[in-house]
Amino acid sequence: MTKEELADWCRAEREEALRQIELFGNGGVKAKLEMPDGSVEEITESVVRHQKEVAEKYEHLIAVLTG
């Protein structure tokens, strides 16, 4: 895989993270985790926070690969 191919892959992954932020961040889709004991935990904020971190990491990788 070339550096440009890797940068393209990073761009696609970043776009997916941004899509997830939009999907979960605007109050539309809620993420819930069902535990083995049957209890349910709301994890939407954690999903959004994680995807923001992912998008930032891919931005950094893209900058390094193309800079």
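Bear in mind these aren't lab numbers, they're just calculated from the coordinates by the rules spelled out. Keep in mind the model is a prediction, meaning the values are calculated, not measured. In this analysis, Cβ positions are derived from the backbone assuming ideal geometry, glycine residues included, and neighbour counts consider all displayed protein chains.
Numerical summary
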{"quantity": "Residue match in segment 51-59 (condition: touching a Phe, Trp or Tyr at 6+ places or on another chain (Cβ under 7 Å), polar (S, T, N, Q) and not in a strand (DSSP E or B))", "calculated": "no"}
{"quantity": "Hits in segment 30-67 - residues which are of a type in the set (S, T, N, Q) and within 13 Å of residue 11 (Cβ to Cβ)", "calculated": "66"}
{"quantity": "Selected residue (only one of 47, 29 is part of a loop (DSSP other than H, G, I, E, B), of a type in the set (A, V, I, L, M, F, W, C) and touching a helix residue (DSSP H, G or I) at 6+ places or on another chain (Cβ under 9 Å))", "calculated": "29"}
{"quantity": "Among the candidates 32, 3, residue that is in contact (Cβ under 8 Å) with a residue 60 or more places away in the chain and loosely packed, with under 14 Cβ neighbours inside 10 Å", "calculated": "3"}
